[in-house]
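Here is the structure we will look at.
The values are calculated or read from the model by the stated rules, or taken from the named source; none is laboratory data. Just so it is clear, the model here is predicted, and its values are computed rather than measured. FYI the Cβ positions are ideal-geometry reconstructions off the backbone, even for glycines, and counts take in every protein chain you see.
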Amino acid sequence: MEEVRRIRKRDLIKKGFSKLLKEDKLKVVSEYIDNPSEFISLLKSFWYQDHEKQKQFDEFSENTISNFHIPYGVSPNVIINDKSYVVPMVIEESSVVAAASAAAKFWGERGGFHAEIVDVKKVGQVHFCWKGDKKILNDLLPEIKEEFIQKTSSITEKMRKRGGGILDIELIDFTDKIPDYYQFLVTFNTCDSMGANFINSILESFGQTLQDFFSRQNNLNEDERHVEIVMCILSNYTPECVAKVWVECPVSELNGVDECLDGRSFAEKFKKAVDIAHIDVYRATTHNKGIYNGIDAVVIATGNDFRATEAAGHAYAARNGSYQSLSYVDIHDDMFRFTLEVPLALGTVGGLTSLHPLAKKSLELLGNPSAKELMMIAATMGLANNYAAVKSLTTKGIQQGHMKMHLANILNQLGAVEEEKVKAAEYFKDKVVSYSEVEKYLNTIR
Ligand code: MEV
């Protein structure tokens, strides 16, 4: 009981924590660790020596006390629509970059990846409640929409000049589900920006305009002059902001992918594995996770929002009423075609893309692509990782490659020195890697 009370008391950090200096925050937090001074010096060792550089990171988020590093790798020679890219990938999982690179090499020798943009519409909503005759609302709609457009013209001016802006405003009646509840479903083209701030500013302006509009309608009763704005926010579900990417080759060109399967048998087994992810949610989730291994790595490397991308993708995967694979296989007339269609609301200007020094360099490495081009690149790495995973799963299994890449992590965990690492790499070349086997091997050479 005494112990529980002590922990509970300790759990509460005093009010005003966010106002403390970084050093002081670190001290307060270190009290939660058995060895506070070791914790402080470890976290400080990850601070940039360059004060200005560190300040930039501190200002990205509240209560920053250190930086958390994740490997920044590249997948070279990725051919998309006949153009070669060196694709930056930020990911902690050891086999992802290797898998993507192997798939990129394989498909690079078979015409590369083909990609296109299906559409780039972004979506936002004004959710509101209004007690009144629906006919009145519908009659007033043209006037309301006009006022929406007029009142946001200064916010949309620059975007309109770039060819984007508000595309459509639709009133949706949800009063059969929630009393008095309607929404304006608004579609946008935000050009090369992800557009979250642009969209949210417009939606909030719409909300205010809607309230003002009704408060001025003196012919309506008091109830009808009142609009409750529940919320105004973009939707991360972007089923019309989609990239499509595919690889294809004659089935005969798949001969040799596996020692035990000829090209046709491999193609058919591969298709079966992907088909399973269309009918079974357990497999579909893991299958799509493999796709996001590649997509997220690019999304993070370019300073985009990977939570938004994932949320959109998983909702899209369930658009037909059950959660399914985002990729599919066709085998027709002896041609194997593997396709991924995925919503990707990415930006190459604004947000973190130009603030984070490495995100900026990632975009430079990719030749400063447009948002559409970046969507195709991210989708490609999704397909590359998906191909690599399903290929391994349907042939030699995933663990062989996975554990090979994981060998370095195990050796580090076991405190192996450089010479031991070299010997272990040689020894495990043709053996199954596991923690206990590596430990056993180190004991034999130590
Ligand atoms: C591991 O990060 C991803 C895989 O599980 C994907 C898949 O099973 O398709 C290998």
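General remarks:
- Count - residues of the range 70-79 that are surrounded by fewer than 22 Cβ atoms within 10 Å (Cβ to Cβ) and part of a strand (DSSP E or B): 6
- Residues satisfying the stated conditions in the range 388-414, i.e. among the small types (G, A, S) and either surrounded by 13 or more Cβ atoms within 10 Å (Cβ to Cβ) or away from the ligand (no atom under 16 Å from the Cβ) (or both): A388, A389, S392, G401, A408
- Residue count, the range 238-287 (criterion: more than 16 Å from the ligand (Cβ to nearest atom), free of Cβ contacts under 8 Å to residues at least 40 places away in the same chain and not small (G, A, S)): 4
- Which listed residue is farther than 30 Å from N412 by Cβ and touching a Leu at 6+ places or on another chain (Cβ under 6 Å), from G124, G132, G112, G108: G124
- Residue check for N385: within 16 Å of the ligand (Cβ to nearest atom), under 11 Å from the mean Cα position of the chain (by Cα), modelled with pLDDT of 95 or more and not small (G, A, S): no
- For the range 415-430, filtering for residues that are buried (at least 17 other Cβ atoms within 10 Å of the Cβ) and outside any helix (DSSP H, G or I) leaves 1.
- Any chance Y328 is at pLDDT 95 or above, within 24 Å of E253 (Cα to Cα), within 23 Å of the chain's Cα centre (by Cα) and not in a helix (DSSP H, G or I): yes
- Test result for I91, free of Cβ contacts under 8 Å to residues at least 60 places away in the same chain, β-branched (V, I, T), within 30 Å of T380 (Cβ to Cβ) and surrounded by 15 or more Cβ atoms within 10 Å (Cβ to Cβ): no
- Residue in the range 297-315 that is among the aromatic types (F, W, Y), within 15 Å of the ligand (Cβ to nearest atom), surrounded by fewer than 20 Cβ atoms within 10 Å (Cβ to Cβ) and part of a helix (DSSP H, G or I) present: yes
- Flag for A196 being under 30 Å from I398 (Cα atoms), surrounded by 15 or more Cβ atoms within 10 Å (Cβ to Cβ) and either aliphatic (A, V, I, L, M) or at pLDDT below 95 (or both): no
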